[in-house]
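Q: Before I ask anything, here is the structure I am working with.
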Amino acid sequence: MGDKPIWEQIGSSFVQHYYQLFDNDRTQLGAIYIDASCLTWEGQQFQGKAAIVEKLSSLPFQKIQHNITAQDHQPTPDNCILSMVVGQLKADEDLIMGFHQIFLLKNIDDAWAYTSDMFRLALHNFG
């Protein structure tokens, strides 16, 4: 990991941390958002740490497991890190589904936080 650019190291570490928290205790996700953070979850928008944690904590499943297929990270001109994650998830006894998630990570007062988060299941409607 030491030969990767710093933004990839930070982005990868945060992605791993996010899904570990999400899979084990979604109520703890507030630690990586700020009050100005925005979440778009399947087209629904939420702003602020409290609203985001409330949404993620109230999702209608008991168990979930994410498996990351790929992740890409880029530095932005304003010193943020843009991360895109593609993977699969399994919630309760549902079938395995693909997902896409994009994060914008910003360093605020020497701490990294997600300021933007967008999530979509990879569902296709050919009907």
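The values are calculated or read from the model by the stated rules, or taken from the named source; none is laboratory data. What you see is a predicted model, and the numbers here were worked out from it, not measured in a lab. Heads up, the Cβs are rebuilt from the backbone with ideal geometry, glycines too, and the neighbour counts pull from every protein chain shown. What goes into the accessible areas is simple: the full protein's heavy atoms, side chains included, and nothing from ligands, DNA or RNA. Shrake-Rupley method; radii C 1.70, N 1.55, O 1.52, S 1.80 Å.
Q: Taking Ile6 as meeting all but one of (1) open to solvent by 30 Å² or more (accessible area, probe 1.4 Å); (2) among the aliphatic types (A, V, I, L, M); (3) within 24 Å of Thr76 (Cβ to Cβ); (4) in contact (Cβ under 8 Å) with a residue 12 or more places away in the chain, write down the number of the exception.
A: (4)
Q: Restricting to region 20-42, what's the tally of residues that are in contact (Cβ under 8 Å) with a residue 60 or more places away in the chain and either among the hydroxyl-bearing types (Ser, Thr, Tyr) or under 17 Å from Ala70 (Cβ atoms) (or both)?
A: Here the count works out to 3.
Q: Shifting gears a bit: Could you please find all residues in region 21-38 being more than 16 Å from Ile108 (Cβ to Cβ), out of contact with any Ser or Thr (no Cβ under 8 Å at 6 or more places or on another chain) and either open to solvent by 60 Å² or more (accessible area, probe 1.4 Å) or not in a helix (DSSP H, G or I) (or both)?
A: Of everything in region 21-38, those that are more than 16 Å from Ile108 (Cβ to Cβ), out of contact with any Ser or Thr (no Cβ under 8 Å at 6 or more places or on another chain) and either open to solvent by 60 Å² or more (accessible area, probe 1.4 Å) or not in a helix (DSSP H, G or I) (or both) turn out to be Asn24, Asp25, Gln28.
Q: Inside region 103-126, can you point out the residues that are among the hydrophobic types (A, V, I, L, M, F, W, C) and either part of a strand (DSSP E or B) or open to solvent by less than 50 Å² (accessible area, probe 1.4 Å) (or both)?
A: Residues satisfying the conditions are Phe103, Leu104, Leu105, Ile108, Ala111, Trp112, Ala113, Met118, Phe119, Leu121, Ala122.
Q: Among the numbered criteria (1) open to solvent by 60 Å² or more (accessible area, probe 1.4 Å); (2) part of a loop (DSSP other than H, G, I, E, B), which single criterion is violated by Leu59?
A: Leu59 satisfies all of (1) open to solvent by 60 Å² or more (accessible area, probe 1.4 Å); (2) part of a loop (DSSP other than H, G, I, E, B) except (1).
Q: So in region 62-94, with the set limited to residues that are under 22 Å from Asn24 (Cβ atoms) and out of contact with any strand residue (DSSP E or B) (no Cβ under 6 Å at 6 or more places or on another chain), which one is most open to solvent (accessible area, probe 1.4 Å)?
A: Gln62
Q: Now for a different question. Going by the conditions given, is Phe103 within 29 Å of Lys4 (Cβ to Cβ) and within 15 Å of the chain's Cα centre (by Cα)?
A: yes
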